[in-house]
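Reviewing the structure listed below.
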Amino acid sequence: MAHRGLKFGIFLAPFHRPGDNPSYAFRRDMEVIEKLDELGFDEAWIGEHHSAGWETIASPEIFIAAAAERTKHIMLGSGVTSLPYHHPLLVAQRFVQLDHMTRGRAMLGCGPGALVSDAYMMGIPADAQRRRMEESLDAIMALLACKEPVTMKTDWFELKDARLHLAPYTYPHFPIAVASVTTPSGVMVAGKHGLGLLSIGAGLPGGPQKLHEQWKTGEAEAAKTGATFSRDGWRLVINVHVAETDERARRDVAIGEPLETLSYFSETLGRPPMRSEDPLGDGLRAGTTLVGSPETVAAGIERLLAHTGQDGEINGKYGAGGVLFRANDWANREDTLRSYELFARWVMPRFQGSAITTHASREWASANRNGIFGPSIGAIKKAFEDAGQEAPDHIRMRLHTGKVDVA
């Protein structure tokens, strides 16, 4: 089953274990995006974090600007800009500038801030983060409208007759998406403004089963404001690794996956699976982690899309608008890049319709080979006769048997 137009990309937090050379890690992350651009991936979203050792990019905007100069086609977004950490006027101004500098390849991802330790260092109460994200996004959307000066005052920022002095390059503005992990706040804000949705929770235990409910929540909020909440802007973020066989794929990630899952998410952040003895097996059984051959991974994506519900369509099929790999260092460098290549060659075409015509052309030629290619047998024989030559033994044998695979 093909999902024509389904977008693919990565969600680059990034995840680099402490002790890894941080300068080289930046270079490796940039090389991944360059490779994805070459392979035809659609998007790369780059995170913002300030603590806990693993996720080392503090400014996705700087990274996006550098990546834009090294790529040609891939869209580049913040995954995500933690809105409570910044004055909304500055967020809007920076992404308008990126929109111009990239000629429309910049995207703004919004969230409340994933690491409580980041907010703690800035003195932001955990229970204020989601409210502040919504207040900031209200201000950003008003500024991007470029209709009238914006005046707004909250307990943490103020706008006085504020306006952008550059309109966005993309009309009416660059793509914007809101992250949603477990709480309904993200999808509610996305629905309210008719924005895209980054379902990071799709890669968490129980996440796929909540996708349809999550989408319905966003639709309900959109109905209140009259916004258009399109499935085309819905991305599902999951763990993916591809190899030639299921056995090879699992072997590739056998060391790196539990190291990240247990050392970072469990021991550092105190999140599930905590005492799980087999986090990879848990993820494979839950469908939140897809590790295997192209066929296995494609089937896993189909199952994931089935959880999005059957009351809405995109491009003639049920589902979301895109699937993002949670970029990581589970496998070694060569196997990681090979995974992206295998996915681009053998999985992407199934969901983008790009191989439909080549399959059809081959089937047509095969079904009609006798009637179409048959007359060439006589033509080949005559070519030798006209030249006064006798055909070589291997060609005479093929002419005698009626095979037509000669030139």
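If you go through region 215-232 one residue at a time, how many are buried (at least 18 other Cβ atoms within 10 Å of the Cβ) and part of a loop (DSSP other than H, G, I, E, B)? Qualifying residue count for the region: 1.
Selection of region 1-40 for residues being crowded, with 19+ Cβ neighbours inside 10 Å, farther than 14 Å from I74 by Cα and among the charged types (D, E, K, R) yields only D29. Scanning region 354-382 for residues that are at pLDDT below 90, surrounded by fewer than 11 Cβ atoms within 10 Å (Cβ to Cβ) and among the polar types (S, T, N, Q) returns S366, N370. Scanning region 127-158 for residues that are touching a Cys at 6+ places or on another chain (Cβ under 9 Å) and over 17 Å from G109 (Cβ atoms) yields no hits at all. Against the condition without any contact (Cβ under 8 Å) to a residue 40 or more places away in the chain and assigned to a loop (DSSP other than H, G, I, E, B), how does P14 come out, does it pass? The answer is no for P14.
Within region 233-247, how many residues are part of a helix (DSSP H, G or I) and surrounded by 14 or more Cβ atoms within 10 Å (Cβ to Cβ)?
2
Looking only at region 238-254, residues that are more than 20 Å from A13 (Cα to Cα) and more than 19 Å from the chain's Cα centre (by Cα) come to 10 in all.
Residue-by-condition table, conditions (1) surrounded by fewer than 23 Cβ atoms within 10 Å (Cβ to Cβ); (2) β-branched (V, I, T); (3) outside any helix (DSSP H, G or I); (4) free of Cβ contacts under 8 Å to residues at least 12 places away in the same chain:
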{"site": "D155", "(1), (2), (3), (4)": "yes, no, yes, yes"}
{"site": "T183", "(1), (2), (3), (4)": "yes, yes, yes, no"}
{"site": "L198", "(1), (2), (3), (4)": "no, no, yes, no"}
{"site": "G201", "(1), (2), (3), (4)": "no, no, no, no"}
{"site": "E213", "(1), (2), (3), (4)": "yes, no, no, yes"}
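In region 104-125 there is no residue matching the filter, namely being among the basic types (K, R), in the same structural domain as V187 (by TED's automatic domain parsing) and part of a helix (DSSP H, G or I).
The values are calculated or read from the model by the stated rules, or taken from the named source; none is laboratory data. Just so you know, these numbers come straight off a predicted model, no measurement behind them. Glycine also receives a Cβ, built like all others from the backbone with ideal geometry; neighbour counts cover every protein chain displayed.
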